[in-house]
Amino acid sequence: MYQGNNEAREKFYFVLEWLLAVTRRYPGPLRFGLAHISYEDPKRLGEVYGAKEASLRLDEVMQSLRSALRKTDLVSREGIDFWIIVPFTDEKISDKIKYILESASLAGLGIVERDLSFFLLPLTDIPLSEDVTPAELLAFLKENRSVLSHRDVTLPASTS
């Protein structure tokens, strides 16, 4: 398992918490994006590769994302979910992330459906409590992605 995952998650949460605080304190033009990638069937990944090998392959996806994206785009992984803070959003980022996921499918991870969702933050229409934690926000976005996402892409599972 990639050893820097906990450090990366803590850094990711710190920056997300800071961004949430800044956007609450100074509502206005500061906007940022949050991308969510979910491999939908962890059980299938585990059956095909075993838990350890599936985790190593997902770590490879994380390393690919970190290498291919800008230094300002923070990537975090929790289980089969990846989150990316994108300081400003454009279609090139979503296309790049989609390309990385499609490349990972060639390495065998395409055996399950992958969902890619993009959120524009702050969520001005959604009343979130002032003390919402980054983990709570991510869980809320994941649960409500069909309603809240700016753009959704589903990459179907391959049958081969």
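The values are calculated or read from the model by the stated rules, or taken from the named source; none is laboratory data. Keep in mind that this is a model prediction, so the values were computed, not measured. Note that we place each Cβ from the backbone using ideal geometry, even for glycine, and neighbour counts take in every protein chain shown. Please note that ligands, DNA and RNA were not included when accessible areas were found on the heavy atoms of the full protein model with its side chains. Shrake-Rupley method; radii C 1.70, N 1.55, O 1.52, S 1.80 Å.
Quick one: net charge of Ser117's neighbours, Cβ under 14 Å, K/R +1, D/E -1?
Net local charge, Ser117 excluded: -1.
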### Message
Using the Cα centre of region 1-57 as the reference point, and only Cβ charges (+1 on K/R, -1 on D/E), how large is the resulting charge dipole? Debye, rounded to the nearest 20.
### Response
240 debye
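Could you report region 1-67's accessible area per residue, 1.4 Å probe, as an integer in Å²?
Each residue of region 1-67 exposes 60 Å² on average to a 1.4 Å probe.
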